[in-house]
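What follows is a single structure, written as structure tokens, with notes after it.
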Amino acid sequence: MTAIQKLEQNPVAHLTPEDIEAFGAEIEAIRQEVLAKRGADDAAYIRRMIAFQRWLEVGSRATLLASVFPPAFVLGTAGLTIAKILENMEIGHNVMHGQWDWMRDPKIHSTNWDWDNATPAAAWKHSHNELHHTYTNVLGKDNDLGYSIMRVDEDQRWHPFFLAQPLWNAINACIFEYGIAAYDLELGKNLRIPKEKRSEEFTKGAAATLKKIRGQMLKDYVVHPLVAAPFGALLPTLAANVIANVGRNIWSHSIIMCGHFPEGVAVFEKASIEGETKAEWYLRQGLGSANITGGKLMDIMSGNLSHQVEHHLFPDLNSNRLAEVAPKVKAVFEKYDLPYVEGSFPKQLASAWHKVFRLSLPNGWLATTTPKNAPKRMAQLYKMSTGGRKARKAIQAELDAAAA
């Protein structure tokens, strides 16, 4: 995952500045084509989706009133999990992106929408829409790369702490909504600042987030279980809400991993975006994203982030149109001989997790370890983990030589 500017085979090295501008013009033309024809059918789509999600949640919660019976528990829990995924992915994420603002419907507008999530809408829109989508995959600028807790690049100096990053990533998957809330607050950085010196912005943001979390927990873990209590279903309903929230979190985390972290997705040096043109921004968005193949069901359940390349090119384009533009975008990438990263959900997820494990280890360790030399490599890893910086540097030199 070395920054694209340092790769031996830079995938954009063959493009002239004129080529890049022509590429950008063709991508922009695709966007304008869809903007010119979106209308009543698109508006009907999102209204149907919202109505379906709400009825699914109501029906699932009603079913859970009888959750002392195993079939009702399974059916209600599955329905609630799907309802929460749809609310987060295809509805909340996309509405708060402003994808449906053109409808001028105050009930489905980015300025008014809130979602079933630990992060307040305003905080999420700032960190996601304004920061992540502006600085996609720029090292040192885009904190979505690992949410500040992982090693995501070979040029990032390895430290024994990173050995635990597969564990951190697994835990983060289960509590993903709270990980995002902490990331939006830049919690790690702000907690290191003495309380009296923390900014008013952070203090207000933390208070808003805690209020949101209390509200979410009260709804899922107090109100609904108490409503089910007279039916003898307090504990099953409580368990169903826990399962639904964890299931939603793991699914959301997996989709985000597949769209940003598989092998082949590019990252960029901070200096590379100075004076960046719109065409260069388009190029970076496309190279820094990956798609998931899988059809209509995958599209809907992923919030159409199965078309992550297209979403990053057109973040304000309503999600139901991304499948339509994907073949056109892919054709432009092929025309300019650019990588267009895509694969099935299992393939992309396995690739992303492989990278998490690979980068948790010193550079070259995994690639140069064989059954024959495994004892030696384990001894080196132990020395790198327990020794100082000098020991790590010396052994890293050995690993680099072996990898070369």
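Just so it is clear, none of the values below were taken in a lab; they were calculated from the coordinates. Predicted model, so just to flag it, every value in this text is computed and none were measured. For neighbour counting, all protein chains shown are included, and Cβ atoms are generated from backbone atoms with ideal geometry for every residue, glycine included.
Which whole-number percent gives the relative contact order of region 4-344, counting Cα pairs below 8 Å spaced six or more residues apart? Please list the in-between numbers first.
Working: 411 pairs, mean separation 88.2, N = 341.
Relative contact order comes out at 26 percent.
Got the relative contact order for region 296-381 handy, in percent, Cα pairs under 8 Å and 6 or more residues apart? Before the final figure, lay out each step's value.
Details: 30 pairs, mean separation 11.6, N = 86.
It rounds to 14 percent for region 296-381.
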(request) Can you figure out the FRET efficiency of residue 263 with residue 207, using R₀ = 51 Å and their beta-carbon distance, to the nearest 0.05? (result) 0.80
(request) Mind sorting 177, 324 by how few other Cβ atoms lie within 10 Å of their own Cβ, fewest first? (result) 324, 177
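Which trypsin sites (Lys or Arg not before Pro) in region 53-122 pass both tests, a DSSP loop state and at most 13 other beta-carbon atoms within 10 Å?
Working: sites: 54, 61, 84, 104, 107; in loops: 104.
Qualifying residues, ordered by number: 104.
Sort the chain into rounded, prolate or oblate with this rule: let a ≥ b ≥ c be the square roots of the eigenvalues of the Cα gyration tensor; rounded if a/c is under 1.5, and if a/c is not under 1.5, prolate when a/b is larger than b/c, oblate otherwise.
On the way: a/c = 1.76, a/b = 1.22, b/c = 1.44.
Since a/c reaches 1.5 but b/c is at least a/b, the shape of the chain is classed as oblate.
What order do you get for 220, 41, 155, 116 when you list them from fewest to most C-beta neighbours inside 10 Å?
Numbers: 220 20, 41 9, 155 13, 116 17.
By the 10 Å Cβ count, ascending, the order reads 41, 155, 116, 220.
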(request) Fewest Cβ neighbours within 10 Å first, please rank 95, 74 accordingly. (result) 74, 95
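Given contacts defined as C-alpha pairs under 8 Å and at least six residues apart, what's the relative contact order of region 363-403, whole-number percent? Display every interim value, and only then the final one.
Values: 21 pairs, mean separation 24.2, N = 41.
Relative contact order here is 59 percent.
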(message) Once you order the gyration tensor axes a ≥ b ≥ c over the Cα atoms, which shape class does region 363-403 get: rounded for a/c under 1.5, otherwise prolate or oblate by comparing a/b with b/c?
(response) oblate
(message) If each DSSP helix of 4+ residues adds -39,500 (n - 2.57) and the sum is divided by the residues in the chain, what number results at 222 nm, nearest 500 deg cm²/dmol?
(response) -17500 deg cm²/dmol
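Determine the gain in length on full extension of the stretch residue 192-residue 367; use 0.36 nm per residue of separation and subtract their C-alpha separation, reporting nm with one decimal. It would help to have the intermediate numbers written out before the result.
Details: separation 175, 0.36 × 175 = 63.00 nm, distance 3.65 nm.
59.3 nm is the gain from fully extending residue 192 to residue 367.
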(request) Tell me which residues come under 5 Å, amide H to amide H, from residue 293 once H is placed; ignore anything under 5 positions away on its chain. (result) 343, 344, 345
(message) Taking loop as defined by DSSP and a crowding limit of 10 other beta carbons within 10 Å, which trypsin sites (Lys or Arg not before Pro) in region 335-404 fit?
(response) 372
(request) Grab the Cα-Cα distance for residue 153 and residue 270, subtract it from 0.36 nm times how many residues apart they are, and report the gain in nm with one decimal. (result) 40.8 nm
(message) Under the rule a/c < 1.5 gives rounded, and otherwise a/b versus b/c splits prolate from oblate, where does region 172-267 land using the Cα gyration tensor?
(response) oblate
(request) Count neighbours as other Cβ atoms within 10 Å of each site's Cβ, and list the trypsin sites (Lys or Arg not before Pro) in region 170-273 that are DSSP loop with at most 15 such neighbours. (result) 192, 198
